[in-house]
1. Hey, among V173, V150, which residue is within 18 Å of T251 (Cβ to Cβ), part of a loop (DSSP other than H, G, I, E, B), touching a Ser or Thr at 6+ places or on another chain (Cβ under 6 Å) and β-branched (V, I, T)?
2. So how many residues does segment 331-364 have that are in contact (Cβ under 8 Å) with a residue 60 or more places away in the chain and either part of a helix (DSSP H, G or I) or more than 30 Å from A242 (Cβ to Cβ) (or both)?
3. Can you spot a residue in segment 264-271 that is within 19 Å of S118 (Cα to Cα), modelled with pLDDT of 95 or more and touching a Leu at 6+ places or on another chain (Cβ under 6 Å)?
4. Could you tell me how many of the residues in segment 115-125 are surrounded by 13 or more Cβ atoms within 10 Å (Cβ to Cβ) and either among the small types (G, A, S) or in a loop (DSSP other than H, G, I, E, B) (or both)?
5. Farther than 20 Å from D65 by Cα and more than 23 Å from the chain's Cα centre (by Cα) - does that describe any residue in segment 281-291?
6. With respect to the numbered conditions (1) closer than 26 Å to T264 by Cα; (2) part of a helix (DSSP H, G or I), which one is the sole condition not fulfilled by R382?
7. Can you list residue pairs whose Cβ atoms sit under 6 Å apart, with the first residue in segment 234-248 being β-branched (V, I, T) and the second being in a loop (DSSP other than H, G, I, E, B) and modelled with pLDDT of 95 or more? Count only pairs 6 or more apart in sequence or on different chains.
Amino acid sequence: MVAQRRDAFSASREHPAIAYAAREGNNPVRRLNDALAAGQAHLEFEDEARGYLRSVLQALAIGVDSQVLVFSETSKQAKHINPTHPRAIYFNDTVAVGWVPGTEVLELATHDAEQGVSFYTLDQTRSAKPQLTRQIGCLLCHLTWDTLAVPGLTTLSTFPMSDDPNAYANGVVVDGRTPIEERWGGWYVTGRLVPARHMGNVPVIQPAAELPRQPGPAPKLASVTAKIAKADEYPSAQSDVAALMVLNHQTHATNLVTRVGWETRVALAEHKPLDRVDEAVRDLVDYFLFVDEAPLPSPIAGASGFSETFAARGPRDTNGRSLRQLDLTTRLMRYPCSYMIYSPAFDALPAVARDRIYARMWRILSGEETDRRYAKLSAADRRAVIDILRATKPALPAYFGT
């Protein structure tokens with residue numbers, strides 16, 4: 001029973017306080033769809049390979065430099081995906097777009113401010129009035145224990161499997177806590193500096209005789225051009241390692257925010273104690289402060305320009321510091337607090353949930369919380385996070401100013 005789990009949402013997605021299917025909510029994809037229907041926006045069909053891809057990315061403010069490529073046979077487009085014809089994913093803080101050249105649809109996932117992740121498709125056929133269609137059926141894969149039992153996102157690292165047709169595919173869901181050595185199975189990984197050992201850039205399906213062998217260092221790729229049959233169809237020749245790192249962090253952060261919101265709405269509607277909310281808050285705060293983050297075994301540097309454009313979006317304090325600045329030497333972020341605290345979904349959390357999150361963050365950042373698991377947060381990092389939040393996060397509680 002879901003209610004027996006303490007680390008996932010405890011009620012139905014159709015609880016009256018949620019009503020996921022009945023209430024579409026307000027999100028960037030719905031707003032684009034409404035603008036298309038009203039004639040206030042226009043999508044340009046480029047060609048048979050890309051269709052509306054570039055136009056959708058531009059309309060949703062998603063950079064091509066965020067491109068990451070997965071060649072394991074996953075998603076609704078699995079039958080079209082292979083190592084010479086990978087699926088591209090492009091993303092910003094609130095929307096991800098999945099695309100395979102020449103296929104029938106674009107797939108979109110957006111973090112709705114209240115309703116969790118909502119899924120849409122766009123037919124890749126030329127139309128005078130293209131429209132996006134909401135897809136509840138995506139929850140077959142996108143509402144699981146791995147998404148905390150809310151509509152969410154995952155990135156999967158697929159383990160090597162035998163070429164035996166009866167072999168079973170397996171893998172691990174990746175987030176910021178996953179060791180680098182276990183990440184990116186079934187993905188291409190490019191960059192100027194990439195850790196020597198990860199699971200990317202090698203075929204998922206291998207001869208059975210080779211599987212018992214100890215894997216060596218992952219192949220290094222400056223670009224994916226030599227790996228892809230029609231590389232010129234892809235807007236970028238990169239599957240940027242920095243973008244992969246950010247995406248791995250962001251998927252779980254997205255699900256944690258949704259879980260806190262949903263648990264709170266249900267508890268308030270049923271006039272129940274907020275015990276489950278407090279548990280969800282602890283999980284979110286620990287993840288937002290990178291308490292259990294897997295360290296980098298060596299420095300990372302991308303090659304697509306993603307690192308620079310991601311960091312440039314700010315906001316910054318008077319000293320130029322931002323929670324979007326990447327570190328990529330020993331950890332993901334320069335300052336250990338997730339930029340997802342600026343997300344519309346965070347701001348849309350019920351006030352009682354935000355109050356609990358801020359109170360928990362303050363206990364840890366101020367040093368009031370003495371549990372040894374928080375000792376890795378240095379005094380300098382704690383002070384920097386407090387100062388940046390004070391300067392950049394509206395409606396921060398007054399006690400952050402002390």
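The values are calculated or read from the model by the stated rules, or taken from the named source; none is laboratory data. As the structure is a prediction and not an experimental result, all values here were calculated from the model. When we count neighbours, we look across all protein chains shown, and the Cβ atoms used for this are built from the backbone with ideal geometry, even at glycine.
1. Just a single option satisfies the conditions, and that option is V150.
2. Residues flagged as in contact (Cβ under 8 Å) with a residue 60 or more places away in the chain and either part of a helix (DSSP H, G or I) or more than 30 Å from A242 (Cβ to Cβ) (or both) within segment 331-364 amount to 15.
3. no
4. Looking only at segment 115-125, we keep the residues that are surrounded by 13 or more Cβ atoms within 10 Å (Cβ to Cβ), and these are 115-124.
This time we only want the ones that are either among the small types (G, A, S) or in a loop (DSSP other than H, G, I, E, B) (or both), so: 115-116, 118, 124.
Going through segment 115-125 one residue at a time, the tally reaches 4.
5. no
6. The single condition R382 does not satisfy is (1).
7. V241/V189; V241/G191; V241/V194; V241/I300; V241/G302
Here is a yes/no grid of residues against (1) part of a loop (DSSP other than H, G, I, E, B); (2) surrounded by fewer than 24 Cβ atoms within 10 Å (Cβ to Cβ); (3) in contact with a helix residue (DSSP H, G or I) (Cβ under 8 Å, 6 or more places away or on another chain):
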position: A41; (1), (2), (3): yes, yes, yes
position: E46; (1), (2), (3): yes, yes, yes
position: L57; (1), (2), (3): no, yes, yes
position: K76; (1), (2), (3): yes, yes, yes
position: G102; (1), (2), (3): yes, yes, yes
position: H111; (1), (2), (3): no, no, yes
